[in-house]
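Novice: The structure is given below, and queries will be raised subsequently.
The values are calculated or read from the model by the stated rules, or taken from the named source; none is laboratory data. Please read all numbers here as calculations on a predicted model, not as lab measurements. No Cβ is skipped: glycine too gets one built from the backbone with ideal geometry, and neighbour counts run over all protein chains shown. SASA here: full protein model, heavy atoms, side chains in, ligands and nucleic acids out. Shrake-Rupley method; radii C 1.70, N 1.55, O 1.52, S 1.80 Å.
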Amino acid sequence: MSTDHHSLVAHQFDDAEQQQEAATLGMWAFLITEILFFGGLILAYTIFRNKYPGAFQAGSHELNVALGGANTAILIFSSFTMAMAVHYAQLGKQKLVFWFMVGTLAFGSAFLGVKVYEYNDKIVHHHVPGPNFEYHGEFANEVNPRNVELFFFLYFAMTGVHAVHMIVGAGVLIWLMFKVRAGAFSQAYYAPVEMFGLYWHFVDIVWIFLYPLLYLIGRHT
Amino acid sequence: METTSSSLPLADKPKPNYLTASYGIKSWLLTLDHKRIGILYIITLTTFFMMGGVYAALIRLELLTPAGDLLSSEAYNRTFTGHGVLMVFFVLVPLIPATMGNFLLPLMIGARDVAFPRLNLLSWYLLVIGGLTAASALLTGGVDTGWTFYAPLSSRYANGAVLVAIVGAFIAGFSSILTGLNFVITIHKMRAPGLTWFRLPLMVWAIYATSLIQVLATPVVAITLTLLALERLFGVGIFDPALGGDPILFEHMFWFYSHPVVYIMILPAFGVMSEVISCFSKKAIFGYRIIAYSSLAIAALGFIVWGHHMFVSGQSAYLGLVFSLLTMLIAVPTAIKIFGWLATMWGGSVELATPMLYAMGFIGLFTIGGLTGLFLAAMGLDVHVHDTYFIVAHFHYVMVGSAIMGYMSALHFWWPKMFGRMYPKTLAKVAAVLVFVGFNLTFFPQFVVGYLGMPRRYHFYPPEFQIYNVFSTAGAMVLGIAYLLPLLYFPYSLFKGEKVGANPWGAKGLEWETASPPPTENFEFTPVVTEEAYAYAKEGEPVVH
Ligand SMILES: [Cu+2]
């Protein structure tokens, strides 16, 4: 057994390839746990939307489709820039990696900014579940405000858990940007960039599901 | 670490092992060595086990008499909840994987460590933080919901520190997820050359199946507890029917995790059985492949039977029928394992060492626990005994009688490997027999009294049930003493125990090929595996001409 391990290979691994495979499989396994985590929320959503379809439409009508749509576009752009960052990491072009990460961070922050604006709007209109919840929308005579509140409960739970993932992602991204600047990565070793890319795309995909589930109910009528 | 080019053992100058490689509290609290992390888990879980044991003692003392004289109803509710929460989330779930799994998995597959050592240490910290959080909830006000946290009791009516306890369980959940994830990747990617899947020890197969459950089921209970906490905080009814929610949804989501969690406890114990029984019968395991596959089958089937906890909840009777049948199906791979072990012992030269005594106790207790599980899978009988002591007896036979017996067997089997010293064998055998006797004396009468109709979770009961409860409490005392004995002789053996070599039991498996205790890097040279697991027969075989 050779003892001159490459310094970037942790002691428990034999070589860089084994390390890379372990990291990739680990990331995919982690994303599966994330799917199950969001899966619990989507299960609750499915059951209550089935139970109170009118109230869910009423709640959905209170959301701002344009802002939600804009955020969807923003996130897709951020996924594009992240994909480019991984691409240039493979080619070892660290400058471009850095600037595409800046772009990703900018789009991610824009998404969170829009989200803050939307949350604020809901607070102003008393759409936050709890003792101050009110619903006086266009379907006020047809639905039980309690059930609209349930919609907003799920809205905040689902988008809130998603936003937490965005914030954690942004934090990791900033850390990675420092590492890129410090010259930590090369064509031979860029696994953290690639793994983060997987995570970021996953968070993006979750939003692609949340957007129609929450914003677009009943728009076709 | 410096290595010599000579392969001769230097008898006069012992090489540092993982215990002597570095000293001081810091070298333990910041360790990335899977073996040390395993030891940290053992200490942590033993502490939680003793805390949970104090609650158990209070419960048994209260139930000695039919009147509710020792504890108030409120205090009793908090006592059994404290017992359940601590024992389930902080002892039984991490029990074998986090302790023995951590110590053994890299050794068994010939690796230097798990795939992600930092994540491994983080998992331990998460368990400690989660455990301290839950313990603080239990000490400051307590929780009176039962360990199941059923809504809307837990979200609206229960007072006490429910939120804090939920946060504790939530954090511990992530410890479990990360451990499972780490082990899955380790088994996939870190095996030594020549160690194919079907040469793996069955313990590794069991840990693999367990890890899959940890990874797939735990996130669901995490989100369930999150929703429950939010409901309690904001008074919005996702589970509370008065607010438009659905309490059955909570039960479905909770049991989707909490049935498979039984297999998180029991599958690793199955793995231990395969190792111990083959070693002390000096025979290759009977039906290696089918035992390996049955672990996976149990893990998979375990995900689709949760509804058997909800036969009286208002779930559709037809759905109940399906859950009932699926539950009975699990008996098949489980029985295959039991018969595999019995066939392994058959015709072997069985040595009744301490680990083997625990293993044989396991088979007895698990058979009772498993068969009564079949009774309960039948809807009609389940409705009759639902929420009685029959249930309490059944799951203690499975979760304590089996999981803890498996853990004790493992601890006695690999203790000399972990510390290079042997415990007092006779005393250990006495303790093993006492555990078996004490356990049956505690829990067998509960089957009877439960069948006769004594409900669980009440601190008073009709006087005609007293005799059974007196037996139970007496048994609990025997059991308590039997569990205390190892707490004395294990620490004693660390200093005074007889020193042993690399392989004191004459066992097969890579972990026995390295020194006891192993060096930090586990093996001096990466082992190359050239034979099947449990190749006992080859060595003991008489030469036939
Ligand atoms: Cu079950």
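Novice: What FRET efficiency comes out for B:A535 versus B:T20 if R0 is 41 angstrom and r is the Cβ-Cβ distance? Round to the nearest 0.05. Walk me through the intermediate numbers first.
Specialist: Details: r = 32 Å, r/R0 = 0.78.
It comes out at approximately 0.80.
Novice: Using alpha-carbon positions, what is the distance between the centroids of the stretch B:414-468 and the stretch B:154-231, in Å?
Specialist: Value for the Cα centre distance between the two parts: 28 Å.
Novice: Additional query: Modelled label-to-label distance, B:S136 and B:R457, 7 Å Cα→beta-carbon offset: nm?
Specialist: For the pair B:S136/B:R457, the computed spacing is 2.7 nm.
Novice: At a 10 angstrom cut-off on C-beta neighbours, averaged per residue, how do the peptides B:245-251, A:173-179 rank from highest to lowest? Mind showing how you got there, number by number?
Specialist: On the way: B:245-251: 21.0, A:173-179: 15.6.
The densest-packed peptide leads the list: B:245-251, A:173-179.
Novice: Determine, from the Cβ-Cβ distance of B:A242 and B:Y125 and an R0 of 45 Å, the FRET efficiency 1/(1 + (r/R0)^6), rounded to the nearest 0.05. Walk me through the numbers on the way to the answer.
Specialist: On the way: r = 40 Å, r/R0 = 0.88.
Step by step, r from the Cβ atoms, then E = 0.70.
Novice: Positive end of the dipole of the protein assembly as shown, charges at C-beta (+1 Lys, Arg; -1 Asp, Glu), about the Cα centre: which of B:A317, B:F80, B:T20 has its Cα farthest in that direction?
Specialist: It is B:T20.
Novice: Could you tell me which of the pairs B:K189/B:K417; B:K283/B:K425; B:K189/B:K499; B:K35/B:K425; B:K283/B:K496; B:K35/B:K189 are separated by over 27 angstrom between their Cα atoms in the structure shown? All intermediate terms of the calculation are to be shown ahead of the outcome.
Specialist: On the way: B:K189/B:K417 25 Å; B:K283/B:K425 23 Å; B:K189/B:K499 35 Å; B:K35/B:K425 24 Å; B:K283/B:K496 32 Å; B:K35/B:K189 19 Å.
From the list (B:K189/B:K417; B:K283/B:K425; B:K189/B:K499; B:K35/B:K425; B:K283/B:K496; B:K35/B:K189), the Cα-Cα distance tops 27 Å for B:K189/B:K499; B:K283/B:K496.
Novice: Rounded to the nearest 20 debye, what is the charge dipole size of chain B about its Cα centre when +1 sits on each Lys and Arg Cβ and -1 on each Asp and Glu Cβ? Let's see the in-between values first.
Specialist: Details: 28 positive and 26 negative charges, 189 e Å.
Result for chain B is approximately 900 debye, rounded to the nearest 20.
Novice: Could you order peptides B:413-425, B:217-229, B:369-381 by the average number of other Cβ atoms within 10 Å of their residues, highest first? Mind showing how you got there, number by number?
Specialist: Details: B:413-425: 21.5, B:217-229: 24.2, B:369-381: 17.2.
Top to bottom by mean Cβ count within 10 Å: B:217-229, B:413-425, B:369-381.
Novice: For B:T388, list long-range residues whose amide hydrogen, built 1.01 Å from N in the peptide plane, is under 5 Å from its own amide hydrogen.
Specialist: The answer is B:R456.
Novice: Of B:L227, B:I298, B:S274, which is farthest on the positive side of the dipole of chain B, counting Cα position, with +1 on Lys and Arg Cβ, -1 on Asp and Glu Cβ, and the Cα centre as origin?
Specialist: B:S274
Novice: Given R₀ = 30 Å, FRET efficiency for B:Y318-A:I32 by Cβ-Cβ distance, to 0.05? Don't skip to the end; give the middle numbers.
Specialist: On the way: r = 31 Å, r/R0 = 1.04.
For B:Y318 and A:I32, the calculated efficiency is 0.45.
Novice: Still on this model: Is there a simple number for the mean count of other chain Cβ atoms within 10 Å of the Cβ of residues in A:144-153, and what is it?
Specialist: Numbers: counts 1, 1, 6, 4, 1, 6, 6, 0, 1, 10.
Mean partner shielding for this stretch: 4.
Novice: Which shape class, rounded, prolate or oblate, goes with the protein assembly as shown when its Cα gyration tensor gives a ≥ b ≥ c as root eigenvalues, a/c under 1.5 marks rounded, and past that a/b bigger than b/c marks prolate? It would help to have the intermediate numbers written out before the result.
Specialist: Details: a/c = 2.04, a/b = 1.17, b/c = 1.74.
Judged from the Cα gyration tensor, the protein assembly as shown comes out oblate (a/c at least 1.5, b/c at or above a/b).
Novice: Here is a further query. Could you rank the peptides B:100-109, B:430-439, A:90-99 by their average count of other C-beta atoms within 10 Å per residue, with the highest value first? Before the final figure, lay out each step's value.
Specialist: Values: B:100-109: 27.0, B:430-439: 21.2, A:90-99: 15.3.
Going by the mean number of other Cβ atoms within 10 Å, highest first, we get B:100-109, B:430-439, A:90-99.
Novice: Near the amide H of B:G160, under 5 Å away, which other amide H atoms are found, from residues 5 or more places off or on another chain, if H is placed in the peptide plane?
Specialist: Amide H neighbours of B:G160: none.
Novice: Of A:G108, A:P131, A:T72, which is farthest towards the positive pole of the stretch A:18-215's charge dipole, taken about the Cα centre with +1 and -1 on the beta-carbons of Lys, Arg and Asp, Glu respectively?
Specialist: The listed residue farthest towards the positive side: A:G108.
Novice: Ignoring ligands, DNA and RNA, what accessible area per residue does the stretch A:18-215 give at 1.4 Å, in Å²?
Specialist: Working: 8650 Å² over 198 residues.
Normalised by residue count, the accessible surface of the stretch A:18-215 is 44 Å².
Novice: Using the Karplus equation 6.51 cos²θ - 1.76 cosθ + 1.60 (θ = phi - 60°), what ³J(HN,Hα) coupling, rounded to whole Hz, does each residue of the stretch B:396-401 give in order, writing x for Gly and Pro?
Specialist: Here the 3J(HN,Hα) series is 6, 4, 7, 7, 9, x Hz.
Novice: Test of understanding: what is the full-extension gain from B:V448 to B:V350, defined as 0.36 nm times their sequence separation minus their Cα-Cα distance?
Specialist: Working: separation 98, 0.36 × 98 = 35.28 nm, distance 3.40 nm.
Separation in residues times 0.36 nm, less the Cα-Cα distance, equals 31.9 nm.
Novice: Averaged over its residues, how many other protein chain Cβ atoms are within 10 Å of peptide B:217-224's Cβ atoms?
Specialist: Working: counts 2, 3, 9, 6, 2, 4, 11, 4.
Per-residue shielding by partner chains comes out at 5.
Novice: Let me know the charge dipole size of the protein assembly as shown about its Cα centre in debye, to the nearest 20, where only the beta-carbon of Lys, Arg (+1) and Asp, Glu (-1) is charged.
Specialist: Taking the Cα centre of the protein assembly as shown as origin, the dipole is about 980 debye.
Novice: Provide a list, ordered by number, of residues in the stretch A:7-32 showing at least 40 Å² less accessible area with every protein chain present than when their chain is taken on its own, using a 1.4 Å probe.
Specialist: Hits at the 40 Å² cut-off: A:H11, A:Q12, A:Q18, A:A22, A:L25.
Novice: Select from the stretch B:247-265 all residues whose loss of accessible area on going from the chain by itself to the full protein assembly reaches 20 Å² or more (probe 1.4 Å).
Specialist: Listed in order, they are B:L249, B:M253.
Novice: Check which residues have an amide H placed less than 5 Å from B:R421's amide H, if you skip close sequence neighbours.
Specialist: B:V500
Novice: So, one more: Suppose each label sits 7 Å from its Cα in the direction of the beta carbon; what would the A:H11-B:I290 distance come out to in nanometres?
Specialist: 4.5 nm
Novice: Next question. Using θ = phi - 60° and the Karplus relation 6.51 cos²θ - 1.76 cosθ + 1.60, list the HN-Hα couplings for the stretch B:250-259 in order, rounded to whole Hz, with x at every Gly or Pro.
Specialist: Running phi through 6.51 cos²θ - 1.76 cosθ + 1.60 with θ = phi - 60° gives 4, 5, 4, 5, 5, 7, 4, 8, 7, 6 Hz.
Novice: Treating the beta-carbon of each Lys and Arg as +1 and of each Asp and Glu as -1, no other charges, what is the dipole magnitude of the stretch A:18-215 about its Cα centre, to the nearest 20 debye? Mind showing how you got there, number by number?
Specialist: Values: 9 positive and 11 negative charges, 113 e Å.
Value, rounded to 20: 540 debye.
Novice: Cα centroid distance between the stretch A:144-166 and the stretch B:234-307, in Å?
Specialist: Between the Cα centre of the stretch A:144-166 and that of the stretch B:234-307, the gap is 31 Å.
Novice: If you count, for every residue in A:33-45, the Cβ atoms of partner chains within 10 Å of its Cβ, what is the mean? Walk me through the numbers before you get to the answer.
Specialist: Working: counts 13, 1, 2, 12, 7, 2, 3, 12, 4, 1, 7, 10, 0.
Rounded to a whole number, the mean comes out at 6.
Novice: Another question, if that's okay. If you stretched the chain out fully between A:N144 and A:V116, how much longer would it get, using 0.36 nm times the residue separation minus the C-alpha to C-alpha distance?
Specialist: On the way: separation 28, 0.36 × 28 = 10.08 nm, distance 2.74 nm.
Extra length available between A:N144 and A:V116 comes to 7.3 nm.
Novice: Tell me, what HN-Hα J-couplings in whole Hz come from the Karplus equation 6.51 cos²θ - 1.76 cosθ + 1.60 at θ = phi - 60° for each residue of the stretch B:409-415, using x for Gly and Pro?
Specialist: 4, 4, 4, 6, 6, 9, 3
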